[in-house]
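**Q** This structure is in C-alpha cells; I'll ask about it shortly.
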Amino acid sequence: MRLFSRIRRRLGSFSRNERGMMTVDAVIIFPMLVWTITGAFTFFDGFRQSASNLKAAYTVGDLISRETQQITDTYIESLHELMQRMVSNNSELKLRVTLVVFDEDDDRHYVRWSTQCGYGAIWTNANIGNMRDNLPPMPNQDTLIIVETSNDYEPVFETILSDGWVARDKVFTNFVFTRPRFTNEIAADVSVTSC
C-alpha cells in the first residue's frame, strides 16, 4: 500500500508541475504545424487547379456555342491559348473539341467534325459509339459540342496528401458538352490536329 500511495503522490506532483520547456514543446508541435499548413495548401491548391480547368472548359464550350461563323484551326489555337492563360500553370494542356449530331433512325451519334490539341486521336464515326453513355439524351438531328480537356497537376509540396487525393488525380480531365445557341450546325474547316 505504501508503494501505491508513493506512486500516486509522485504522479500528482508531476501533473501539478507547471514548469515547462518551451523548446521541447516547440520541437513537438512545429513539425505537426508545418505538415498541417503544407497539407492544407496542397489540398486547396489542387481544388483551385481543378476548378480553373473546369471553368476554362466551360468557357471554350460557351464560346463555340455562340459562334455563327466557320471554326478554323486558328480559332481552335486561340481557344487553346485562352485556356492556358485561364489555367495559368506550366504543365501541358490538352484540348479536344467535337461536334456530334444524333440520328434517331440509326439510334446513334455521328461526328460532324473533331479536332484536338495534345490528344493523340480525335473522335470519328467509328469510335464515337464508345462515348454514348457519357452523352445526354438528344432529339433527332440535334447537335452537341463536346469539349474535353486534360491537364497535369504537380503539387507544390510533396506531403502525405500527395499520396492520397492529389496522387490519384494528378491529371485533371474534364468532359463538357454544350448545345449550339444560335444555329443547330456550326461549320468548321479544321484539321485533325489544330495546334
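**Q** Considering only residues that are at pLDDT below 75 and of a type in the set (D, E, K, R), look in segment 1-41 and name the one that is nearest to Pro155 (Cα to Cα).
**A** Within segment 1-41, the match that is nearest to Pro155 (Cα to Cα) is Asp25.
**Q** Can you tell me which residue in segment 152-180 is modelled with the highest pLDDT, limited to those that are part of a loop (DSSP other than H, G, I, E, B) and loosely packed, with under 13 Cβ neighbours inside 10 Å?
**A** Here the answer is Glu154.
**Q** Could you check segment 48-78 and list, in sequence order, the residues that are under 20 Å from Arg112 (Cβ atoms), in contact with an Asp or Glu (Cβ under 9 Å, 6 or more places away or on another chain) and part of a helix (DSSP H, G or I)?
**A** Across segment 48-78, the qualifying residues are Ala57, Asp73, Tyr75.
**Q** Tell me yes or no: at least one residue of segment 90-111 is hydroxyl-bearing (Ser, Thr, Tyr) and in a loop (DSSP other than H, G, I, E, B).
**A** yes
**Q** Same structure, new question: Here is a list of conditions, (1) modelled with pLDDT of 85 or more; (2) touching an Asp or Glu at 6+ places or on another chain (Cβ under 9 Å), and Leu144 meets all of them except one; can you say which number that is?
**A** Result: Leu144 fails condition (2) only.
**Q** Might you let me know whether segment 18-34 holds any residue that is surrounded by 12 or more Cβ atoms within 10 Å (Cβ to Cβ), part of a helix (DSSP H, G or I) and in contact (Cβ under 8 Å) with a residue 60 or more places away in the chain?
**A** No, segment 18-34 contains no residue that is surrounded by 12 or more Cβ atoms within 10 Å (Cβ to Cβ), part of a helix (DSSP H, G or I) and in contact (Cβ under 8 Å) with a residue 60 or more places away in the chain.
**Q** For segment 76-96, give me each residue that is among the small types (Gly, Ala, Ser) and either within 15 Å of the chain's Cα centre (by Cα) or surrounded by 18 or more Cβ atoms within 10 Å (Cβ to Cβ) (or both).
**A** Once the filter is applied, which keeps residues that are among the small types (Gly, Ala, Ser) and either within 15 Å of the chain's Cα centre (by Cα) or surrounded by 18 or more Cβ atoms within 10 Å (Cβ to Cβ) (or both), segment 76-96 yields Ser88, Ser91.
The values are calculated or read from the model by the stated rules, or taken from the named source; none is laboratory data. Just so it is clear, the structure is predicted and the values come from calculations on it, not from any experiment. Methodologically, a virtual Cβ is constructed for each residue, glycine included, from the backbone with ideal geometry; neighbour enumeration extends over all protein chains shown.
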